[in-house]
There are 2 protein chains.
Amino acid sequence: MEQPAYHHGNLRRVMLDAALQAIGESGPTGWSLRELARRAGVSHTAPAHHFGDKTGLLTAVAAEGFDLFAAALEAAGGDFLDVGVAYVRFAVRHRSHFQVMFRPELYRPADPAVAPARARAAAILSRGGRALSPDPARDRVATVAAWSMAHGFADLWLSGALADAAEIDPETYARELTTLAFGHLHHSKA
Amino acid sequence: MEQPAYHHGNLRRVMLDAALQAIGESGPTGWSLRELARRAGVSHTAPAHHFGDKTGLLTAVAAEGFDLFAAALEAAGGDFLDVGVAYVRFAVRHRSHFQVMFRPELYRPADPAVAPARARAAAILSRGGRALSPDPARDRVATVAAWSMAHGFADLWLSGALADAAEIDPETYARELTTLAFGHLHHSKA
DNA sequence: GCGTTATCTTTCCAGTGGAAACTTTCCACT
DNA sequence: AGTGGAAAGTTTCCACTGGAAAGATAACGC
């Protein structure tokens, strides 16, 4: 027994995990569908049944990513500083998802599994921005400013551009950055 | 006359330009070497002589990118706000270069044509950070904060994540963001 | 002139993503 | 219980890719 059943039974999840690992090893395009299928012990066309094509697999990664992302931001609570830190933490802990999510040419952003989750995340981010500025004309700018900083730090960190600072914990670092830049206009518990 | 000479005479530059255009159209990995060669009217192995392989071509793009980048930052002068705006301007105007430069798994970061130019750019950025904080213990944090914001805004902009704000000029927007976040600790003309 | 060298071509190969047609298993319904 | 799909996988096929190898052509130093 234990010999592979005709129906894998779990192929979708296994392929997703294999893709996440491959992305972590060699970037979001540095691998082949056939090799993932081989690792999963399945023929190279089997995944097509679950994802359609390679883009479909990446679309599934992005969809799962935005889901997890929205959940992580929600769990961070209402404080904008915590949201920023959660943003960075997500990028570091789910780097494979993250590296696909913000590269829309790799997948189908309009896919019904992607768009709503992305919108959910965006809503939380802009809610966080409102905490930074009571002036509605400004909170959009504040939102984009904070979002940009969290995103840029995460991206630079993941790409290794901040390698000389690699000894310190990214989340702690992110908190410092955010405080430095936004602490002065953070009217806490508003 | 005008018929293609055996020696193209200019292949290196033509291939680089073709690559930049292809990257602009479909991302840093959404094209094939063979198609670029076809566009250049040359056999599919001709480029190998100039770049070695596909990674070599991307390495050349990154090298040129960091050169232009360092020059652009230098030209921005000493004011950190101007450096930040120059950062964003470079990303928007040289988006193909930019999209390769910070994705080191796509090329050979240690290549002698890349590393010095990148170091040059990094030096200017950290000089800009010092203008933000006279305290040497803090200027590193300030540098990374400003760098993160400029980088994140550029990346989000290029990826289309800020699409709802697309009507406004990115450089102007970048200036607003930077002022909001760092204006309070900017001791101008220090 | 003439040999060397840089540049480009042709030919070849293994590997890729995907389409098509087929097989095996599962499941719902009489 | 038996059967008719539907779901999940397989094998086979094709055009295309990146790269290696070996040969052709032009340019340049001497």
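The values are calculated or read from the model by the stated rules, or taken from the named source; none is laboratory data. Because the structure is a prediction, the values reported are computed rather than measured. When we count neighbours, we look across all protein chains shown, and the Cβ atoms used for this are built from the backbone with ideal geometry, even at glycine. Accessible surface areas use protein heavy atoms only, side chains included; no ligands, DNA or RNA. Shrake-Rupley method; radii C 1.70, N 1.55, O 1.52, S 1.80 Å.
So which of B:Asp164, B:Asp139 ends up being over 17 Å from the mean Cα position of the chain (by Cα), crowded, with 16+ Cβ neighbours inside 10 Å and more than 8 Å from chain A (Cβ to nearest Cβ)? Please lay out each step first, then the result.
Values: B:Asp164 fails: crowded, with 16+ Cβ neighbours inside 10 Å.
Only one candidate passes the filter, namely B:Asp139.
For A:Ala5, are the conditions met, namely being within 12 Å of DNA strand D (Cβ to nearest atom), away from chain B (no Cβ under 14 Å), among the hydrophobic types (A, V, I, L, M, F, W, C) and loosely packed, with under 13 Cβ neighbours inside 10 Å? Show your work before the answer.
Details: within 12 Å of DNA strand D (Cβ to nearest atom): yes; away from chain B (no Cβ under 14 Å): yes; among the hydrophobic types (A, V, I, L, M, F, W, C): yes; loosely packed, with under 13 Cβ neighbours inside 10 Å: yes.
Answer is yes for this residue.
Which is of a type outside the set (Ser, Thr, Tyr), away from DNA strand C (no atom under 11 Å from the Cβ) and at pLDDT 95 or above, of A:Ala22, A:Ala70?
On the way: A:Ala22 fails: away from DNA strand C (no atom under 11 Å from the Cβ).
Of the residues listed, the single one that is of a type outside the set (Ser, Thr, Tyr), away from DNA strand C (no atom under 11 Å from the Cβ) and at pLDDT 95 or above is A:Ala70.
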Inspect segment A:145-159 for any residue being touching a His at 6+ places or on another chain (Cβ under 9 Å), open to solvent by 20 Å² or more (accessible area, probe 1.4 Å) and within 13 Å of chain B (Cβ to nearest Cβ) and give the result as yes or no.
no
Select from segment B:124-174 the residues that are over 21 Å from A:Asp155 (Cβ atoms) and either outside the structural domain of B:Met101 (by TED's automatic domain parsing) or part of a helix (DSSP H, G or I) (or both) and list them in ascending order.
B:Arg127, B:Arg130, B:Pro136, B:Ala137, B:Arg138, B:Asp139, B:Thr172
Considering (1) at pLDDT 95 or above; (2) open to solvent by 20 Å² or more (accessible area, probe 1.4 Å), say which one A:Ser126 fails and leave the rest.
(1)
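Would you check if B:Leu132 is more than 14 Å from the chain's Cα centre (by Cα) and within 11 Å of another protein chain (Cβ to nearest Cβ)?
Working: more than 14 Å from the chain's Cα centre (by Cα): yes; within 11 Å of another protein chain (Cβ to nearest Cβ): yes.
It is true that B:Leu132 is more than 14 Å from the chain's Cα centre (by Cα) and within 11 Å of another protein chain (Cβ to nearest Cβ).
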List every residue pair whose Cβ atoms sit under 8 Å apart, with the two residues 6 or more apart in sequence or on different chains, where the first one lies in segment B:71-83 and is in the same structural domain as B:Arg140 (by TED's automatic domain parsing) and within 21 Å of B:Arg118 (Cβ to Cβ) and the second, anywhere, is modelled with pLDDT of 95 or more and of a type in the set (Lys, Arg).
B:Ala72/B:Arg89
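For segment B:42-92, how many residues meet the condition of being outside any helix (DSSP H, G or I) and either open to solvent by 60 Å² or more (accessible area, probe 1.4 Å) or under 27 Å from A:Gly152 (Cα atoms) (or both)?
Counting residues in segment B:42-92 that are outside any helix (DSSP H, G or I) and either open to solvent by 60 Å² or more (accessible area, probe 1.4 Å) or under 27 Å from A:Gly152 (Cα atoms) (or both) gives 8.
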Kindly list, by first and then second residue, each pair from a residue in segment B:27-56 that is within 8 Å of DNA strand D (Cβ to nearest atom) and of a type in the set (Ser, Thr, Tyr) to a residue that is in a loop (DSSP other than H, G, I, E, B) and at pLDDT 95 or above, limited to pairs with Cβ atoms under 8 Å and residues at least 6 apart or on different chains.
B:Thr55/B:Tyr107; B:Thr55/B:Arg108
Which of (1) buried (at least 16 other Cβ atoms within 10 Å of the Cβ); (2) in a helix (DSSP H, G or I); (3) more than 12 Å from DNA strand C (Cβ to nearest atom); (4) outside the structural domain of A:Glu105 (by TED's automatic domain parsing) is the odd one out, the single condition A:Arg12 does not satisfy?
(1)
A:Arg38 being open to solvent by 50 Å² or more (accessible area, probe 1.4 Å), assigned to a helix (DSSP H, G or I), away from chain B (no Cβ under 14 Å) and more than 15 Å from DNA strand C (Cβ to nearest atom):
no
Please go through segment B:98-123 and give me each residue that is in a loop (DSSP other than H, G, I, E, B) and either among the hydroxyl-bearing types (Ser, Thr, Tyr) or open to solvent by 20 Å² or more (accessible area, probe 1.4 Å) (or both), ordered by number.
B:Arg103, B:Tyr107, B:Arg108, B:Pro109, B:Ala110, B:Asp111, B:Pro112, B:Ala113
